[in-house]
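Heads up: the structure comes next, in structure tokens.
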Amino acid sequence: MKNLKSFYILSIFLLFSSCIINNPQPEDCVVQTVKIIKITEGTSNDIVFHDNGTDFYYINRGLERGLNLNTLNTKVLNKTVTLHLPKLFLGTSEHIAQLVVENDTIFTEFK
């Protein structure tokens, strides 16, 4: 019984650790093209981009990274953008690793 409990704890730990996005690379991402119709401030200084459907995507702590909502509204709002979204064990994240508008890279985590 003790081994089974240890197995479950290890499984849960591995599942949660697979959801952590750390140093994403282009080959580890899904590339999506979406039209952004709304940009808002999220929790923890995140910047949230809403598409013309029900989906949303975010730049983690974007306001702390020097991005500005007014500037983003000018450059991104009502435009079609290309997003690089990290792949996770259970699917694709809404976390933006790279944001490109008309061949202009607005934000990237790629090194």
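The values are calculated or read from the model by the stated rules, or taken from the named source; none is laboratory data. Nothing here was measured: the structure is a model prediction, and the numbers come from that model. For neighbour counting, all protein chains shown are included, and Cβ atoms are generated from backbone atoms with ideal geometry for every residue, glycine included.
Taking the criterion of being of a type in the set (Asp, Glu) and not in a strand (DSSP E or B), the residues of segment 52-111 that qualify are ASP55, GLU64, GLU94, GLU102, GLU109. Across segment 42-64, the number of residues qualifying as more than 20 Å from ASN103 (Cβ to Cβ), in contact (Cβ under 8 Å) with a residue 24 or more places away in the chain and not aliphatic (A, V, I, L, M) comes to 5. Scanning segment 80-99 for residues that are loosely packed, with under 12 Cβ neighbours inside 10 Å and free of Cβ contacts under 8 Å to residues at least 60 places away in the same chain turns up just one, GLY91. Considering (1) within 10 Å of the chain's Cα centre (by Cα); (2) more than 19 Å from ASN23 (Cα to Cα); (3) not small (Gly, Ala, Ser), the lone condition that GLU94 does not fulfil carries the number (2). Checking each residue in segment 22-41 for being farther than 16 Å from LEU99 by Cα and modelled with pLDDT under 95 picks out only ASN22.
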